[in-house]
1. Going residue by residue through region 320-332, is there one that turns out to be at pLDDT 80 or above, assigned to a helix (DSSP H, G or I) and under 19 Å from Glu100 (Cα atoms)?
2. Say whether the condition of being over 19 Å from the mean Cα position of the chain (by Cα), modelled with pLDDT under 95 and surrounded by 17 or more Cβ atoms within 10 Å (Cβ to Cβ) is met by at least one residue in region 228-240.
3. What is the one condition in (1) farther than 15 Å from Ala316 by Cα; (2) modelled with pLDDT under 80 that Leu93 does not satisfy?
Amino acid sequence: MKLLVENRTFWIVLSVLLTIGLLWLALEITDLAVVSSVFEKMGVSWVLAASAFYVCTIALRASRFSVLLEGRFLRNFFRLFGIVCIHQFYNHLLPARLGELSFPLLLKKRFGIEVSRSTGILVVARFFDAVSLALVVLFAAGWYLASLGRTDQEGSDLVLVISLPIVFGVLVGLGMYVALRVDLSFMIPSSRYPKLRKMGQKLDSFVTRTREAVVRYSSFGKGLAVFMLSVGIWVLLSVFFYLFFWKTDVALSFSEVILGSSLSHITQFLPVNTFGSFGTLEAGWTLGFKLIGIDLSTALGIGIAMHVLALAVLAALAGGFALARVVRGSGSGD
């Protein structure tokens, strides 16, 4: 346990340093006037439209969890939607992937669902995130190359650079999925010390229950539904991104937006995440669109504007649901 805490502290400290360094670099490169001009060009109506697309991605995430929870929340989807909003907000806000802990803890606190079960559900969701993102990006890569109408070495290099990390992410996801399906109890040594043995038994029990949840929630029919919802999430996110480029008169096709934004998704899978995801997301975003051919300052300015809007939507939704719960609790005398 002490080692786990120390490791977590190391990642948090590293995340703080990365946040400071990347924010400083972003402010050095970016003209803040570019960020404000993005919102000016979009106007209130298109900012609201983009926000609506982003809210739809959250609704699809909630639908995906509803499927994995075997339809338990179909009659009370709004409550699950609120949990996913809070989970997504923490996931973006907290460093070192600490936000992932909020989902199983919220389900445990509000609905009494075992942490091992909800962790298994989260593992399955992340696995399908990786697989569906890889297929969406590879489809966009083929679409992009076909639109060139000829063999283009520069285009091929671009697709290779963007596709390799995606494939790597899928392999990591597959490794995680397979590891949870294999009996890992042999990795926990027996010990003469009661406390250490008890901790090892608890860990073994947790891994076993999580593995059982993964197996339970990865049947073909359920997996197909979760896969289709995951694809929908990435497509709607790409539409959300596309609106920023379209309304700021940056000539990019939809396939180019998918390709350019793919590296920003990869940075979100990394265990080292900064506060508010500021810096890590923009780094992947800017690199991806720089490879597409977009000016560095323009790509970064649009990326920051997009990120600010996404965080604002999540903060409004998560804050609204948290406030509603407090008001409902005080009204019932809790």
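1. The answer is yes, given that some residue of region 320-332 is at pLDDT 80 or above, assigned to a helix (DSSP H, G or I) and under 19 Å from Glu100 (Cα atoms).
2. No.
3. For Leu93, the exception is condition (1).
The values are calculated or read from the model by the stated rules, or taken from the named source; none is laboratory data. The model shown is predicted, which means the values in this text are computed figures rather than measured ones. Glycine gets a Cβ as well: all are built from the backbone with ideal geometry, and neighbour counts include every protein chain shown.
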